[in-house]
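Take a look at this one; I'll ask things after.
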Amino acid sequence: MKRKSITLVGTLISVLMIVAMLVSFGCTPSTPQGGGNTLKVGVVAWLGFAIGLDMVHAVEIMADMDNKAGGLNIGGQKYNIQLIVYDCKNDQAAATAAVNRLIFEDKVKFILSDGWLFDACLPIIEQNKVLLSEITPSPAVLAPDLKMTFMPAFNNCMNSECAGWLAKNYPNKKSVFVAYGDDFSGHAQQPVSKASFEAFGFTYSEMFYPAGTQDLSALGTRVKTANPDFFVANGGGPINDALAYKAVAQAGYKGQLFGNVTQPLLSLSQIVPMDALEGFINAAWPVEFDPATTQPGKDFKAAYIAKYGKWDGPEIQGGAAYSFLRAALMKVGSVDPVKVATDISASGIKFDGPCGEGQMVARPDIGNSRKVDSTVALAMKKIAGGKPVLIETISLDIATGYFQKVTDFMKKK
């Protein structure tokens, strides 16, 4: 009996050592269900950043749901999805190394990414004919000379849809002040955010604050003094955006707090007092409501709770990168990345998932006729009684119209 116990302990130690090795290399391969073909899909994200980590969790859950349902039907054959995940660690060298490893060692032909420090990786992906689906705010992924890249996670269209919705529903309020983190994300978000408000006739002011700082009292004072109709925090990520709203509320600003990107209440309320969030309006995914407002949202939320024990307000935007990829693979009926990219670039696609119904659209304003950007049927919420309440879901047609108005405005400028 004693010998058996020692053997079990030794086995457990060995297993833990293997797990530790996987974590140290930043690679966490998923396990497909038995039977059928296997399609490897790489994922590169900054796991030390909430959006990157939540993206990986969302993609893992969706791939697991597909595998448990028997796999994806691609060209009449069933494919289980095997995810191979690497952490870019907020380091350019690590991101590039991850892409090289996925392409040359893991032999993947499809990559999902949160886009963090990913612009330098685009030539590698293009040269090796790997299809990239990412959620980056960086415009580099939309360059007309690229043939294998797609941005299906609604970064750009959320700004235009929220600005269009705001102009329609508050026609007599026209001044907006937007705060951005002074970093990659903030500067990448600023052009389309600014253009969106200006295209819909808002008087626009802005401020960049030091990213990562805990003291945003200077921002609060400036916003209170300016006293705009709307204050928006954008591009800072869940923590910095929340700190910006908190600072503005504590400074005594009495205007409308508004978000032109999704920011789950459960995440915001960890930093911003609930009384300050009462009446807050911003975009939301279907899963934020209880119950979720769409069937894919309900299914995802149930799977998330089953895996993690509770719903903790994740930012699942990155999951749209997977929703797009699975839809594209099934529509084209091929696992040839060039064939998939060529078909979708020309014909576009509509796709659904926990983030809502989306579609791919072209960007003629930047000279790109490929359908590489995206719009979404976006929900708008208001915090009432400490809970997110659905105001309206912007239809896909109206959302696309808002986006076109902004891209036309950007082209003229």
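The values are calculated or read from the model by the stated rules, or taken from the named source; none is laboratory data. Owing to the predicted nature of the structure, the values given are computational and were not obtained by experimental measurement. With ideal geometry, Cβ positions are generated from the backbone for all residues, glycine too; neighbour counts draw on all protein chains shown.
Would you mind finding the one in Leu22, Leu53, Leu8 that is in a helix (DSSP H, G or I), of a type in the set (A, V, I, L, M, F, W, C) and either crowded, with 16+ Cβ neighbours inside 10 Å or modelled with pLDDT of 80 or more (or both)?
Leu53
Criterion first (touching a Phe, Trp or Tyr at 6+ places or on another chain (Cβ under 9 Å) and closer than 30 Å to Gly76 by Cα) does Lys381 satisfy it?
No: the conditions fail for Lys381.
Yes/no matrix, rows are residues, columns are (1) closer than 18 Å to Lys387 by Cβ; (2) out of contact with any Leu (no Cβ under 8 Å at 6 or more places or on another chain):
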residue	(1), (2)
Lys246	no, no
Tyr253	no, yes
Leu257	yes, no
Val261	no, yes
Gln270	yes, yes
Met274	yes, yes
Pro286	yes, yes
Asp290	yes, yes
Thr294	no, yes
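Among the residues of region 131-153, is there at least one that is over 19 Å from Val56 (Cα atoms), of a type in the set (Lys, Arg) and in contact (Cβ under 8 Å) with a residue 12 or more places away in the chain?
Checking region 131-153: at least one residue is over 19 Å from Val56 (Cα atoms), of a type in the set (Lys, Arg) and in contact (Cβ under 8 Å) with a residue 12 or more places away in the chain.
Looking at the structure I just gave you, is Val176 among the β-branched types (Val, Ile, Thr) and part of a helix (DSSP H, G or I)?
Spelling it out, it is not the case that Val176 is among the β-branched types (Val, Ile, Thr) and part of a helix (DSSP H, G or I).
Evaluate region 348-370: report whether one residue or more is farther than 24 Å from Gln77 by Cβ and among the β-branched types (Val, Ile, Thr).
Among the residues of region 348-370, at least one is farther than 24 Å from Gln77 by Cβ and among the β-branched types (Val, Ile, Thr), which makes the answer yes.
Does region 117-135 include one or more residues that are closer than 22 Å to Phe49 by Cα and touching a Gly at 6+ places or on another chain (Cβ under 9 Å)?
yes
Continuing with the same structure: List, please: which pairs have Cβ atoms under 8 Å, are six or more places apart or on different chains, and start with a residue in region 391-406 that is farther than 19 Å from Ile349 by Cβ and outside the structural domain of Ile349 (by TED's automatic domain parsing) and end with one that is of a type in the set (D, E, K, R) and surrounded by fewer than 17 Cβ atoms within 10 Å (Cβ to Cβ)?
As it stands, the answer is Ile391/Lys382, since those pairs meet every condition given.
When you check Gly252 against the structure, is it farther than 26 Å from Ser395 by Cα and outside the structural domain of Ala399 (by TED's automatic domain parsing), yes or no?
no
Another one. Return the total of residues in region 308-359 being surrounded by 19 or more Cβ atoms within 10 Å (Cβ to Cβ) and polar (S, T, N, Q).
The total comes to 4.
While we're on this one: Wholly within region 220-287, which strands (runs of 3 or more DSSP E) include no fewer than the required count, namely at least 2 residues that are of a type in the set (Gly, Ala, Ser), at pLDDT 95 or above and under 21 Å from Ala50 (Cα atoms)?
Those strands (runs of 3 or more DSSP E) span 281-284.
May I pose another question? So, in region 143-184, exactly how many residues are surrounded by fewer than 24 Cβ atoms within 10 Å (Cβ to Cβ) and of a type in the set (Ser, Thr, Tyr)?
Qualifying residue count, region 143-184: 2.
Residue by residue, here is whether (1) outside the structural domain of Leu83 (by TED's automatic domain parsing); (2) in contact (Cβ under 8 Å) with a residue 40 or more places away in the chain; (3) touching a Ser or Thr at 6+ places or on another chain (Cβ under 8 Å) holds:
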site: Phe324; (1), (2), (3): no, yes, yes
site: Ser334; (1), (2), (3): no, yes, no
site: Val340; (1), (2), (3): no, yes, yes
site: Ser345; (1), (2), (3): no, yes, no
site: Gly348; (1), (2), (3): no, no, no
site: Phe351; (1), (2), (3): no, yes, yes
site: Pro354; (1), (2), (3): no, yes, yes
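Take region 231-263 and flag every residue that is crowded, with 17+ Cβ neighbours inside 10 Å and over 24 Å from the mean Cα position of the chain (by Cα).
Across region 231-263, the qualifying residues are Ala247, Val248, Ala249, Ala251, Tyr253, Gly255, Gln256.
Going by what's in this entry, would Tyr304 be described as in the same structural domain as Asn128 (by TED's automatic domain parsing), in a helix (DSSP H, G or I), in contact with a Phe, Trp or Tyr (Cβ under 8 Å, 6 or more places away or on another chain) and closer than 20 Å to Val56 by Cα?
Considered against the rule, which asks whether it is in the same structural domain as Asn128 (by TED's automatic domain parsing), in a helix (DSSP H, G or I), in contact with a Phe, Trp or Tyr (Cβ under 8 Å, 6 or more places away or on another chain) and closer than 20 Å to Val56 by Cα, Tyr304 comes out as yes.
This table checks each residue for (1) out of contact with any strand residue (DSSP E or B) (no Cβ under 8 Å at 6 or more places or on another chain); (2) over 22 Å from Tyr304 (Cβ atoms).
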position: Lys224; (1), (2): yes, yes
position: Pro228; (1), (2): no, yes
position: Val232; (1), (2): no, yes
position: Ile239; (1), (2): yes, no
position: Val248; (1), (2): no, yes
position: Thr262; (1), (2): no, no
position: Leu265; (1), (2): no, no
position: Ser269; (1), (2): yes, no
position: Ala284; (1), (2): no, no
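Checking the condition at positive phi and of a type outside the set (Asp, Glu), which residue from Lys147, Lys89 passes?
Result: Lys89 is the single residue among Lys147, Lys89 that is at positive phi and of a type outside the set (Asp, Glu).
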